[in-house]
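Structure, as structure tokens:
The values are calculated or read from the model by the stated rules, or taken from the named source; none is laboratory data. Because the structure is predicted, anything quoted here is derived from the model rather than measured. Ideal geometry is used to build each Cβ from the backbone, glycine not excepted, and the neighbour counts take in all protein chains shown.
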Amino acid sequence: MSSRILTPLAAGTLFGAGLTIGGMTDPARVRGFLDIFGDWDPTLAFVMGGAVIVMAIAWRIVPRMVEPIFAEKFHIPDRSDLTPSLIGGSALFGVGWGIAGLCPGPGLAALVIEPALAATFVVSMFAGMLILRLFERN
């Protein structure tokens, strides 16, 4: 198999394993983390903190690189990427995360652990994506 297939497969496997080990695929734990005025569970703060540290290191390395290792060019966002659609989608993401206790990555990873519960979320997520595509102005 070529690196064009193996690299994303390895990255996705590592990502899914990290989400599972970190507890991000457990909706009760996610809702506990989001319940800051109730029975707050701070454990996911460490998962997010680890992700922030990795990205902080990556943001320091990327400007020094001539080109990416596994792509033709870098795709770095800038302030012009803040559109009303992005802001509205982010708000919808947060509301959905709070209600379901899952977001796209952990939802897909949860299909392996609790397929019946995660399937409802994943089917709804894909239906929302399809509805957006049908009504999106391009």
What pairs come up if the first residue lies in the stretch 44-73 and is assigned to a helix (DSSP H, G or I), the second is β-branched (Val, Ile, Thr), and their beta carbons are under 7 Å apart, counting only those six or more places apart or on different chains?
44/30
Would you mind stating whether residue 58 is under 18 Å from the mean Cα position of the chain (by Cα), over 30 Å from residue 130 (Cβ atoms) and exposed (fewer than 10 other Cβ atoms within 10 Å of the Cβ)?
yes
Residue check: is residue 50 surrounded by 10 or more Cβ atoms within 10 Å (Cβ to Cβ), under 17 Å from residue 132 (Cα atoms) and small (Gly, Ala, Ser)?
no
Restricting the search to the stretch 74-89, which residues are in a helix (DSSP H, G or I) and either loosely packed, with under 10 Cβ neighbours inside 10 Å or of a type in the set (Val, Ile, Thr) (or both)?
79, 80, 81, 84, 87
Of 92, 117, which residue is modelled with pLDDT under 85, more than 13 Å from the chain's Cα centre (by Cα) and part of a helix (DSSP H, G or I)?
117
